[in-house]
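The values are calculated or read from the model by the stated rules, or taken from the named source; none is laboratory data. Only a predicted model underlies this, so the values are computations on that prediction, with no experimental measurement involved. In this analysis, Cβ positions are derived from the backbone assuming ideal geometry, glycine residues included, and neighbour counts consider all displayed protein chains. Keep in mind that these areas ignore ligands, DNA and RNA; they rest on the heavy atoms of the full protein, side chains included. Shrake-Rupley method; radii C 1.70, N 1.55, O 1.52, S 1.80 Å.
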Amino acid sequence: MKKTFDYKTDISIFLLLGIVLLLLGGIIFTLNVLRSDPIDEALAGESIINIFFILEHEQKPLGTYVIMYSPMNNRAAAISIPGDTGRILKTVDKMDRLDSVYRSNNIEPYKTEVEGLLELSISYSIVLETEKLAKIIDVIDGVNIFIPNSIEIYEEELILFPSGNITLDGDKGIQYLVFELPEDDSSETSQRRERFFLGLMKRLGEKNDLLKDPSVARFFYPLLNTRMNRLTQKKLFEALSRLDMDRINPQTVSGKYQEISGQRLLMPDHNGAVIRDVVRQGQRSLEQKTQGTLIERVFTVEILNGTTTTGLAARTADLIQGFNYDVIATGNADQNDYENTEIIDRTGIENVVNSFAAVIRCTNIRFESKLPDETDPGIITSENWADFTLILGKDFNGRFVTGN
């Protein structure tokens, strides 16, 4: 019997097959996406993950921090960015304070400016708005911080923050974060907020198991302003919970305040080159596979001026401290006509002294015992117990050693 050609039936079959193939393709694509979750790949890799945190109050940033996290060895470094940092803002093409481009409903221009300042690509962003932050603090049973000196604030009532280690609940935590005293300079306010931020991150890590509870998670995660999905947030906080926040000492933008167009702006040293060097040095440290406390240790430095330039040692101390070294003494060298800058190393650890020397591009290094045999151990001075002595010569231009 001869078959007849049913055009409509054949077309329907082709359409059905097409739909099935599209569905299968969608399923395969979805499975591939789930298998290659970007956060999973990042946490399993050796690249540093940069996370942007903003403490926001009344639609303005109180504190801005970048945590550089190394999943390879579970260590991190932090950068604090003052909102009054002066910069030619590329997003608006004018000189202004960094936080002038901040918008609560769109932080991308602000993030772009911070990335440009630090020459750093930021992968994840989280905004903690104070009203929601108060609820977060209560969920995690308060934030513990150290207050070096007691604080009294008179508003509608007396608010007292005693000195020592104290635990702040949600309301007290926000009060501590927000207040500004007339006698405080901006650096003191920034340091106080840095302490609070680190205390918050530490407490979130300690309470990570609690945040895994489904009933708590449903309340907690909506309090975070972020574009990350819930699963990515959980994985990121799980990773950060393993950090020892007590070892993290945030570095900040160093510079001098200047009056520009009626504003008092913090102008970064060497047009921001110093903070970018700090970032790069932090990245190099995090990329080291060595475990232990050595690379987290703060090394001590003595700086001596071997030139006729007045105040060179003190200005250089500001530079060196910006790289997380502890300058324990400054002064004049035994003579003021050193031609070449010199580093005396007492650590005996090659990669450590090379990292220090790289800060100012000095190649003139010599080793000396930390406690010479002839030195009386009962008489310890900076000359025999500083990790490094830096003697500044005529080849130092205030930032780098030239002519190496």
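Couple of notes before you dig in:
- The chain, dipole about Cα centre (Lys/Arg Cβ +1, Asp/Glu Cβ -1), debye to the nearest 20: 2220
- Against the chain, whose longest principal axis comes from its Cα atoms, helix 312-321 is set at around 30 degrees.
- Cα→Cβ-extended label distance, 7 Å offset, between L24 and N332, nm: 8.7
- Of K60/K212; K60/K172; K60/K234, pairs whose Cα-Cα distance is over 22 Å: K60/K212; K60/K234
- Here the calculated FRET efficiency for E152 and S47, from their Cβ-Cβ distance with R0 = 45 Å, stands at 0.45, rounded to the nearest 0.05.
- R247-S186 FRET efficiency (beta carbon distance; Förster radius 35 Å; 0.05 resolution): 0.85
- Sparse-neighbour loop sites [trypsin sites (Lys or Arg not before Pro); region 94-126; at most 12 other C-beta within 10 Å; DSSP]: R103
- When the chain is treated as a GNM with alpha-carbon contacts under 10 Å, the residue of G331, G199, G255 showing the greatest mean-square fluctuation is G331.
- For N225, residues with placed amide H under 5 Å, excluding near neighbours: V127, E129
- Carbon-plus-sulfur accessible fraction, the chain (probe radius 1.4 Å, protein heavy atoms only): 51%.
- Mean ellipticity per residue at 222 nm, deg cm²/dmol - from DSSP H runs of n ≥ 4 across the chain, formula -39500 (n - 2.57): -11500 deg cm²/dmol
- Efficiency of FRET between T363 and T308 - r from beta-carbon atoms, R0 30 angstrom, step 0.05: 0.80
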